[in-house]
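Since the structure comes first, as structure tokens, the remarks are kept for the end.
The values are calculated or read from the model by the stated rules, or taken from the named source; none is laboratory data. Not measured: the values here are computed from a predicted model. Neighbour counts are summed over all protein chains in view; Cβ atoms, including those assigned to glycine, are modelled from backbone coordinates with ideal geometry.
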Amino acid sequence: MKFHLVVSSPSFDKGITFFRDELGFTLEKITPSEDPSLAVFSGSGINICLDKTIQAAPVTLRVSTDNKDLLGIEKIGPNGTKVIYELAPSTVNIPTLQQASVDINEVDKAHWTIGRAGMKYRNLLPKGSWDYVASHIQIPGSGTVPDWVHYHDAQFQVIYCYKGSAKLVYEDQGQPFIFNEGDCVLQPPHIRHQVLESYEDLEVVEIATPLQHSTYSDHEMKLPNDTFDPDRNFQGQNFIWSRSSDRVWHHGSSDSNLSHEISATGIDQASAQRGNVRVLRPVKTDQTPMPLVPFPEKSTHDFVLWFVLAGTAFFERSNGAALQRVSESDAITLINVSQEDMSVAFRDSSEDFALLEVCLPNRASES
Ligand SMILES: [Fe+2]
């Protein structure tokens, strides 16, 4: 089956010139040969049927392109056919607000939206125009997930398994695996993948950039695929499945005041420093507990998300804002805030307190 967009073209030869010579379509067929009145073109994923004999309303063709010379150009063809060149959606940069933002997204006040197949989404970002995705996603119950082989063109995308588990499969990474609570995956750009099943009220935290990335289906590839190439490079990044069962805790700094320990995920190396994910927890001590000060060592982050995985603490900021109690599923975002602007701390944390931390570097420092 093939779909054709019918374009009326009383000036038949001009119509052919427009689609073939000006827009670069391939002329597939022209008929009847003695006095042509119908021409079929193909190109860039669309078929056009140019018809001299019918009457039809003018159509608009929107062309996605990265070619800066064409952007904003409008062309008018036969029968008022309008062609508009626009920036390809994946390259649209949402202007990220430059102002500093510190926000606490409390789960008790959260607004959940229902997506496809009963998935529940909670946006963890403050109001505003930010070039990030930060979502808390729930899939209630257990069972098959109505997903298919697809890929994304995000520059950075991580999924952290907060609760429950899921069966996932990724291109070139072997057999499906169980993504357990505390695990984290880096999904490099264009890696084909599929969520097969979810179990026990799966909850994940997803962080991605840019906001306007696209998702594409791949109808050709079946997963798991035959190739096994875990070191494959996807646009400069590697897939990584960081398992909570492999987690090693260590003090991340020589600062003796540090009262927390860190578990690295390897996502900084796998993503070629496009972002990092760590888990932090207080050190158990007999002495008076020091504040848990988790501000990332580097101050060159545009974006920091802390998601409370367990326990409670009081969030403090140096600008005099009142201490705020945070508990499980609350999320704190720092956007365009540097260590020089403000210091923050989590005080009086419960013993079981644990924080997921996702940092994205300052764009100016990206190579
Ligand atoms: Fe996906």
Pairs returned, first residue in segment 303-321 that is without any contact (Cβ under 8 Å) to a residue 24 or more places away in the chain, second residue that is outside any strand (DSSP E or B), beta-carbon separation under 9 angstrom, 6 or more apart or interchain, are Asn319/Asp341; Asn319/Met342
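Within segment 181-196, track down each residue that is more than 15 Å from the ligand (Cβ to nearest atom) and surrounded by 17 or more Cβ atoms within 10 Å (Cβ to Cβ). Spell out how you get there, then give the answer.
Going residue by residue through segment 181-196, those that are more than 15 Å from the ligand (Cβ to nearest atom) are 181-183.
Within segment 181-196, Gly182, Asp183 qualify.
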Residue that is surrounded by the most Cβ atoms within 10 Å (Cβ to Cβ) [pool: residues in segment 149-177 that are under 28 Å from Pro210 (Cβ atoms) and of a type in the set (D, E, K, R)] | Glu171
Number of the exception - Phe234 against (1) surrounded by 12 or more Cβ atoms within 10 Å (Cβ to Cβ); (2) free of Cβ contacts under 8 Å to residues at least 60 places away in the same chain; (3) over 16 Å from the mean Cα position of the chain (by Cα) | (3)
Per the filter on segment 209-261, residues touching an Asp or Glu at 6+ places or on another chain (Cβ under 9 Å), part of a strand (DSSP E or B) and at pLDDT 95 or above are Phe234, Trp241, Ser242
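Taking segment 30-43 on its own, how many of its residues are assigned to a loop (DSSP other than H, G, I, E, B) and either surrounded by 14 or more Cβ atoms within 10 Å (Cβ to Cβ) or touching a Gly at 6+ places or on another chain (Cβ under 8 Å) (or both)?
The qualifying residues number 2.
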List pairs: first in segment 198-221 and among the acidic types (Asp, Glu), second part of a loop (DSSP other than H, G, I, E, B), Cβ under 7 Å, 6+ apart or cross-chain?
-> Glu200/Ser142; Asp201/Pro140; Asp201/Gly141; Asp218/Val149; Asp218/Arg192
If you check Tyr162 against the conditions, is it away from the ligand (no atom under 14 Å from the Cβ), touching a residue at least 12 places away in the same chain (Cβ under 8 Å) and over 18 Å from Ala117 (Cβ atoms)?
-> yes
Residues (surrounded by fewer than 22 Cβ atoms within 10 Å (Cβ to Cβ) and in a loop (DSSP other than H, G, I, E, B)) located in segment 313-336 | Ser318, Asn319, Gly320, Ala321, Ala322, Leu323, Glu328, Ser329, Asn336
Any chance segment 125-135 includes a residue that's touching a His at 6+ places or on another chain (Cβ under 8 Å) and more than 16 Å from the ligand (Cβ to nearest atom)?
-> no
Just to be sure, is Gln194 assigned by TED's automatic domain parsing to the domain that holds Asn362 and assigned to a strand (DSSP E or B)?
-> yes
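Could you tell me whether Ser33 is hydroxyl-bearing (Ser, Thr, Tyr) and touching a Leu at 6+ places or on another chain (Cβ under 6 Å)?
Values: hydroxyl-bearing (Ser, Thr, Tyr): yes; touching a Leu at 6+ places or on another chain (Cβ under 6 Å): no.
No; evaluated as a whole, the condition is false for this residue.
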Checked against (1) away from the ligand (no atom under 16 Å from the Cβ); (2) over 21 Å from Ile240 (Cβ atoms); (3) aliphatic (A, V, I, L, M), Ile178 satisfies every condition except (2)
In segment 296-312, how many residues are out of contact with any helix residue (DSSP H, G or I) (no Cβ under 8 Å at 6 or more places or on another chain) and either modelled with pLDDT of 90 or more or buried (at least 19 other Cβ atoms within 10 Å of the Cβ) (or both)?
-> 11
Scan of segment 85-96 for residues that are surrounded by 15 or more Cβ atoms within 10 Å (Cβ to Cβ) and either at pLDDT 80 or above or in contact with a Gly (Cβ under 6 Å, 6 or more places away or on another chain) (or both), ordered by number = Tyr85
With Lys68, Lys82 as the choices, which residue is at pLDDT 90 or above, under 30 Å from Val6 (Cα atoms), not hydrophobic (A, V, I, L, M, F, W, C) and not assigned by TED's automatic domain parsing to the domain that holds Cys161?
-> Lys82
Within the group Tyr121, Tyr170, which residue is touching a Gly at 6+ places or on another chain (Cβ under 7 Å) and within 16 Å of the ligand (Cβ to nearest atom)?
-> Tyr121
